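Report on the following structure.
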Amino acid sequence: MTTAASSGFVSQVRLDRDEVPSFDAYPFNLPAVRQLQTLALHPKVTFLVGENGSGKSTLIEAIAVAAGLNAEGGSRNFNFATRASHSPLCDHLILRRGPRRPRDMFFLRAESFFNLATQIETLNREGGPGGPLINAYGGTSLHEQSHGESFFSLLQHRFRGGGLYLLDEPEAALSPSRQMSFLAALHDLVIGGSQLIIATHSPIIMAYPHAWIYHLDPSGLRRVDYKETEHYRVTRDFLLRTDQMLKVLMEDPAPRGPAENLGEQPS
């Protein structure tokens, strides 16, 4: 695969295949992991996309832990585990780091965001009311805001720029208009010298210009253009032919896979 420019904090991720105990056991039996040799990362923004169960969250979690971050989210200073459930994949990944070191690092994952907010609240209480920790997240408990508001508090106040940020399904907290606001905030972070690795289902978020998009599917992992993604094509076809798509979905009782037999038009 093409190697990213050296300006990124992490230019590539390599699977140490010789040390993998078995490619027949999880998570190494996931096609995206089984076929993984070296994953080149864009120095600014890399997206991991794919259907549920394709392994994108498993892969981004493993990259985060290999980079020294907590499996449930947070910065390098977080060390909590509500339930130790991360896979051993992190132990078999080798990160090729660039010449620069990030000023900041953070891992955000939608499924454990509640646990992260609770940990921030707990640490803030231990440091005293109104302590500096909660101020770093906007001064208000993340639990006292909506999911979307708390996410943006994190984004606007905690992400300081010049950092390595890994985000797992950030769209889970965001309405479509907020996803567009996220794109603007993402661009500000990039301009500020940050590198981001994002696992997402959102065709809005993955539209960020010039990013690299890796699609994870049963054949493994491959780089694709934005308009080649199933997320873009299915969303486009649904919006352009809503009545026809609804008719197919609701009148045919046969179970369907993603975008299967929906009259999807070629790009």
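Numerical summary
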{"quantity": "Exposure proxy order (Cβ contacts within 10 Å, fewest to most) of Thr58, Thr38", "calculated": "Thr38, Thr58"}
{"quantity": "Cα-based convex hull volume of segment 143-217 per residue, rounded to whole Å³", "calculated": "94 Å³"}
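Values in this text are rule-based calculations from the coordinates and carry no lab data. The structure presented is a predicted model; accordingly, all values stated were derived computationally and were not measured. Note: ideal-geometry Cβ built from the backbone for every residue, glycine included; neighbour counts use all protein chains shown.
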